[in-house]
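Report on the following structure.
The values are calculated or read from the model by the stated rules, or taken from the named source; none is laboratory data. Since the structure is predicted, the reported quantities are computational estimates derived from the model, not experimental observations. We place every Cβ from the backbone using ideal geometry, glycine too, and count neighbours over all the protein chains shown.
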Amino acid sequence: MRLEVKGLVKEFPAPLFSGGTPLRALDGADLEADTGVTGVGGANGSGKTTLFKTLAGVLEKDAGTILAGGAAASAERLRQLAAYCPANPRSFYFRLTAGENLRFFGALAGLSPAEAEARAAKLAPRLGLAAVDLGRRFDRLSEGTMQKVSLIRALSRRAPLLLLDEPFRGLDGIACRGLLELIAEAGKTSTVLVTSHSRELLAAAAARTLRIGQGRMPPGGPQ
Amino acid sequence: MNAAGVIAAFVRRDFLAEKSYRLSFALGALATLANLAVFYFIGKLFGGGLAPQLEPFGTGYFAYVFTAMAFFGYIGTGAGSYAGRLRLEQTQGTLEATLSTPLGVPALLLSMSAWNFLFATFELLVYALAGAFIFKLDLGAANWWSAGLVFLLSAGCFAALGILSSCFVMLFKRGNPLAWILNNFEGLLGGVYFPVAVLPGWLIAVSNLLPVTYAVRAFQLAVHKGAGPAMIKGDLLALAAFDLLLIPASVWLFGRAVRRARRAGTLGEY
């Protein structure tokens, strides 16, 4: 699926009566990506996460256009099309097991319990996640294991647009290798965008990398 | 998206989370019985004499407050649970993840409090069993069809109030004036603990603005006097009017509140 972004603007208003000023996180960003893997690099605070959240439909843009498969994509449509793996892996229910969490979020994405369980069981060993960890309560998992569960949540949707924000964070070497393979496989059928502060991992994951700085991305090809 | 599947997923999630706090789960059920015992002994203290304000309902104080508490406990679930659930999602950091999925606002609203309603049904069963076997209440005169109609109209209305209340949580996180009114004044002014006729005239006028007043009165009359729909027509019409106004308004406003949070980037804040 072809993704075209033009002049994307996202501004966060200052809290009421705070005396602060609005924060312009995206200041006319442009991006084009086709089926395959595209890397997005940039310094802290450059707008990567805001870009991903806007493309995932979690945030609503203030200006600009987003075309998905040639058609204008509202935030609602983007939530149908995109699977988003946030940089922070703690957005799960801590009192539930990892498997129960995946089953719950799978249901919200339209997966039956059997489908969610089967996909989790298939993806877990690829990331070095033991079956016993899927049955463990989420708050008893290590940070790296939480990240693996978060990746499974996004990958199991098999969405046409896959947005992986810092997916290598906290992963061990085996899991990193497994994830690189999974990203490459997803890139055969989906448009995959990946961020990372590791130039090596980003280069290994994506043949093409764009850079974002101060909320802007120069239009066009490889940087 | 399969709405039944989503509701089932929410119920399962909330059941598993509640079950993981085992002591709280058991104490919740015991608290219901302890609450009832307080009013049972208050009723005994003041004897079986019928207060003039209770005459229209044809029952003593304990039976009155028992019925009102059972009823209000259930319909009050709608008023209280939406804001509570939403706040919990915010503090857990799961709200943004939940709203990153294709889940729409109507499906979210149907699912979010489904577990609370199920648990309230269980509490209602505890009330019914306690009423029949421990407190030996006589509800032989009840018109259950009529009571069911009041129940249905009231549940919709209170769920709408709960959704409106959750809009404040979505936008301001803490500081919820509607929840404050619902928590502090519904029981006092709505005839839950005593008939509103006890109140001074100006407070009766205020209580007439609240749906709970119509709901509790109609339910009491249906249960204790066997009142049919024709006898409680005024209260039923008032509840239907509240439903017509509040249900679409609350769903629309909640959708607006979510959209505003998406624009302001505050979905993940608490």
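Looking at (1) part of a helix (DSSP H, G or I); (2) within 11 Å of chain A (Cβ to nearest Cβ); (3) farther than 18 Å from B:V169 by Cα, find the lone condition where B:E55 falls short.
Answer for B:E55: the failing condition is (2).
Restricting the search to region A:132-162, which residues are surrounded by fewer than 22 Cβ atoms within 10 Å (Cβ to Cβ), away from chain B (no Cβ under 14 Å) and closer than 18 Å to A:Y84 by Cα?
The one that is surrounded by fewer than 22 Cβ atoms within 10 Å (Cβ to Cβ), away from chain B (no Cβ under 14 Å) and closer than 18 Å to A:Y84 by Cα: A:G144.
Could you list, in sequence order, all residues of region A:163-196 that are of a type outside the set (S, T, N, Q) and within 19 Å of A:L31 (Cα to Cα)?
Selection gives A:L163, A:L164, A:D165, A:E166, A:G187, A:V192, A:L193, A:V194.
Looking at region B:122-177 only, could you name the residues that are without any contact (Cβ under 8 Å) to a residue 24 or more places away in the chain and under 14 Å from the mean Cα position of the chain (by Cα)?
B:L152
Considering only residues of region A:106-131 that are assigned to a helix (DSSP H, G or I) and at the interface with chain B (Cβ under 7 Å from one of its Cβ atoms), which is nearest to A:A33 (Cα to Cα)?
It comes out as A:L108.
Is it true that B:L86 is in a helix (DSSP H, G or I) and without any contact (Cβ under 8 Å) to a residue 40 or more places away in the chain?
Criteria not met by B:L86.
In region B:56-97, how many residues are surrounded by fewer than 21 Cβ atoms within 10 Å (Cβ to Cβ) and farther than 23 Å from B:F158 by Cα?
7
Taking into account only those residues within region B:10-25 that are at the interface with chain A (Cβ under 8 Å from one of its Cβ atoms) and among the hydroxyl-bearing types (S, T, Y), which is surrounded by the most Cβ atoms within 10 Å (Cβ to Cβ)?
Restricting to residues being at the interface with chain A (Cβ under 8 Å from one of its Cβ atoms) and among the hydroxyl-bearing types (S, T, Y), the top hit is B:S20.
Yes/no matrix, rows are residues, columns are (1) crowded, with 19+ Cβ neighbours inside 10 Å; (2) part of a helix (DSSP H, G or I); (3) charged (D, E, K, R):
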{"site": "B:Y127", "(1), (2), (3)": "yes, yes, no"}
{"site": "B:A132", "(1), (2), (3)": "no, yes, no"}
{"site": "B:D138", "(1), (2), (3)": "no, no, yes"}
{"site": "B:A141", "(1), (2), (3)": "no, no, no"}
{"site": "B:L149", "(1), (2), (3)": "yes, yes, no"}
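Anything in region A:12-45 that is surrounded by 19 or more Cβ atoms within 10 Å (Cβ to Cβ) and within 14 Å of another protein chain (Cβ to nearest Cβ)? List them, or say none.
A:A25, A:L26 - these are the residues of region A:12-45 that are surrounded by 19 or more Cβ atoms within 10 Å (Cβ to Cβ) and within 14 Å of another protein chain (Cβ to nearest Cβ).
Any residue in region B:18-37 that's at negative phi: show its pairings with residues that are surrounded by 10 or more Cβ atoms within 10 Å (Cβ to Cβ) and modelled with pLDDT under 75 at Cβ separation under 9 Å, as long as the two are six or more apart or on different chains.
B:E18/B:F25; B:E18/B:G28; B:K19/B:F25
Residues are listed down the side, and each one gets a yes or a no for (1) touching a His at 6+ places or on another chain (Cβ under 9 Å); (2) small (G, A, S); (3) at pLDDT 80 or above:
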| residue | (1), (2), (3) |
| --- | --- |
| B:V6 | no, no, yes |
| B:A17 | no, yes, yes |
| B:K44 | no, no, no |
| B:F57 | yes, no, yes |
| B:Y64 | yes, no, yes |
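Do we find that A:N101 is in a helix (DSSP H, G or I), of a type outside the set (F, W, Y) and within 11 Å of chain B (Cβ to nearest Cβ) in this structure?
yes
If you go through region B:177-189 one residue at a time, how many are buried (at least 22 other Cβ atoms within 10 Å of the Cβ) and not charged (D, E, K, R)?
2
What's the total number of residues in region B:174-183 that are part of a helix (DSSP H, G or I) and small (G, A, S)?
So the answer is 1.
Are any of the residues in region A:66-74 within 14 Å of chain B (Cβ to nearest Cβ) and either of a type in the set (S, T, Y) or not in a strand (DSSP E or B) (or both)?
Yes, some residue in region A:66-74 is within 14 Å of chain B (Cβ to nearest Cβ) and either of a type in the set (S, T, Y) or not in a strand (DSSP E or B) (or both).
Does A:L8 fit the bill of being surrounded by 15 or more Cβ atoms within 10 Å (Cβ to Cβ), in a loop (DSSP other than H, G, I, E, B) and at negative phi?
no
Results for (1) among the hydrophobic types (A, V, I, L, M, F, W, C); (2) closer than 30 Å to B:N143 by Cβ; (3) away from chain A (no Cβ under 14 Å); (4) in a helix (DSSP H, G or I), shown as yes or no for each residue.
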position	(1), (2), (3), (4)
B:C167	yes, no, yes, yes
B:F185	yes, yes, yes, yes
B:L188	yes, yes, yes, yes
B:F194	yes, yes, yes, no
B:A218	yes, yes, yes, yes
B:V223	yes, yes, yes, yes
B:M231	yes, yes, yes, no
B:A238	yes, yes, yes, yes
B:W252	yes, no, yes, yes
